[in-house]
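Below: one structure, written as structure tokens.
The values are calculated or read from the model by the stated rules, or taken from the named source; none is laboratory data. As the structure is a computational prediction, the values presented were derived from the model and not from experiment. FYI the Cβ positions are ideal-geometry reconstructions off the backbone, even for glycines, and counts take in every protein chain you see. Ligands, DNA and RNA are excluded from the accessible area calculation, which covers all protein heavy atoms including side chains. Shrake-Rupley method; radii C 1.70, N 1.55, O 1.52, S 1.80 Å.
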Amino acid sequence: MQETILNGRYRLGEEIGEGGMSVVYRGHDLLLNRAVANQFKLNPTDVETLGVVAVVGAATPTRLASLLAMGTGSMTLVIDRLEHAGFVRRVRDTKDRRSLTIEIVEQRSREMAAFYAPLQQRAAEITQRYSDSELALIVDYLTRSNDMLSDLATSLTERPAAQPQDDTTN
């Protein structure tokens, strides 16, 4: 499958929805991930993984691999790099030592949060342009859209992958 880069910035992933007159794809902001990765001497995939752990909290490597549409072997390499850099730690389950979760290391998390502070400031400035009722409408739209996409992505990961179609004609 050929990789598609939109506007030199967004890597399009798998299709996650369709409706109206558009198709929705999972997208990854390559420039932001690269910039953050460079600042912390990480791989852009590592930064993406940290973002997922920051949102979902401690998670098993298998769950992280699923959320990021990666194989478990690749996820192990990402976790190894992040652990070596001090961003995450593996925590064994006290009831089942075969199981472990990945947690963010707070000190490194604060370092990265400081890097995002200017972005948060600019986002706050943009937000101030809107009234409370306009913001409520925007939040409602984004929440409903995100829920719809999340539900669709979950349903796609729970069913078998589509089989390639035979393009030969008889």
Can you tell me which residue is farthest from ARG98 (Cα to Cα) among those in region 54-71 that are at pLDDT 90 or above and exposed (fewer than 12 other Cβ atoms within 10 Å of the Cβ)? GLY71
What number of residues within region 75-94 are under 11 Å from THR49 (Cβ atoms) and either in contact with a strand residue (DSSP E or B) (Cβ under 8 Å, 6 or more places away or on another chain) or open to solvent by less than 60 Å² (accessible area, probe 1.4 Å) (or both)? 6
State whether the residues of region 136-143 include one that is under 24 Å from VAL47 (Cα atoms) and modelled with pLDDT under 90. yes
